[in-house]
Amino acid sequence: MTPRLRGGRRWQRLAVAVCVPLTALSLLVGCGRDDPLNEPVERFAMVEVSSERAIRLSVAEVPGGELTALELKEPESDSPVWESRVMGKDEQLRTVRLGATRGEVLGTSSPPALTDAERQALSQRLDRARILPGEAAREAADRGENVTAIRLAERDGVPVWRVSVLGVADDEATVHVVDATTGKVVERLPA
């Protein structure tokens with residue numbers, strides 16, 4: 001072989017050694033862009049009924065009803081459900097289950113009975129709350145976040161709405177404690 005050919009083969013080997021890894025790297029980078037395995041999962045794909053609509057529908061099921069709690073069950077399933085606790089004008093608590101896809105009522109039942117003291121405390125909290133649960137949810141959730149639960153509670157003798165909020169890409173919810181008398185968010189906690 002002539003020295004010129006040997007030098008040409010060296011250059012070919014060098015070119016292949018450099019180009020093959022660069023080509024492989026560019027393919028890997030390019031493939032990751034439209035790969036559905038690398039896309040975040042739409043966590044609330046089947047949830048079409050907002051928390052505010054779920055509140056309205058739940059309260060409408062119980063005569064003289066006032067919402068005390070609302071929770072989104074199985075948001076990632078094909079049939080997510082809003083489950084709420086509503087106190088009627090008779091001061092009896094009822095559970096209302098709504099399909100979170102179409103808003104149809106799946107059922108109404110009585111949860112485990114409250115003691116007289118628990119019922120009275122809950123009734124007093126509702127009486128002192130000036131902010132409705134939908135208002136508390138709007139105050140707590142930023143754009144792109146979904147309300148997954150709302151519950152009336154008490155903090156230092158003041159009624160508060162505990163609003164759980166979850167973004168599409170978030171792994172854990174954030175609980176926003178909203179003063180039920182002023183509407184101000186007084187605390188944010190990890191769930």
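Just a few scattered comments:
- Considering segment 102-129, the residues that are assigned to a loop (DSSP other than H, G, I, E, B) and open to solvent by 40 Å² or more (accessible area, probe 1.4 Å) include one that is farthest from GLY65 (Cα to Cα), namely ARG102.
- Here the condition is being touching a residue at least 24 places away in the same chain (Cβ under 8 Å) and out of contact with any Ser or Thr (no Cβ under 9 Å at 6 or more places or on another chain); of ARG130, ARG85, ARG53, it holds for ARG53 alone.
- Within segment 147-191, the set of residues being charged (D, E, K, R), in a strand (DSSP E or B) and exposed (fewer than 13 other Cβ atoms within 10 Å of the Cβ) comprises GLU187, ARG188.
- Scanning segment 176-191 for residues that are aliphatic (A, V, I, L, M) and more than 17 Å from VAL158 (Cα to Cα) yields LEU189, ALA191.
- For beta carbons closer than 9 Å, sequence separation of 6+ or different chains, a first residue in segment 93-116 that is in contact (Cβ under 8 Å) with a residue 40 or more places away in the chain and on the phi > 0 side of the Ramachandran plot and a second that is part of a loop (DSSP other than H, G, I, E, B) and surrounded by 15 or more Cβ atoms within 10 Å (Cβ to Cβ), the qualifying pairs are GLY103/VAL49.
- Complete set of residues in segment 66-88 that are among the hydroxyl-bearing types (Ser, Thr, Tyr) and open to solvent by 20 Å² or more (accessible area, probe 1.4 Å): SER77, SER79
- Whether a residue is at pLDDT below 95 and within 21 Å of VAL86 (Cα to Cα) was assessed, and PRO111 passes this test.
The values are calculated or read from the model by the stated rules, or taken from the named source; none is laboratory data. Fair warning: this is a prediction, and the values are worked out from it, not measured in the lab. All Cβ positions, glycine included, derive from the backbone under ideal geometry; neighbour counts span all protein chains shown. The area values use the complete protein model at the heavy-atom level, side chains included, leaving out ligands, DNA and RNA. Shrake-Rupley method; radii C 1.70, N 1.55, O 1.52, S 1.80 Å.
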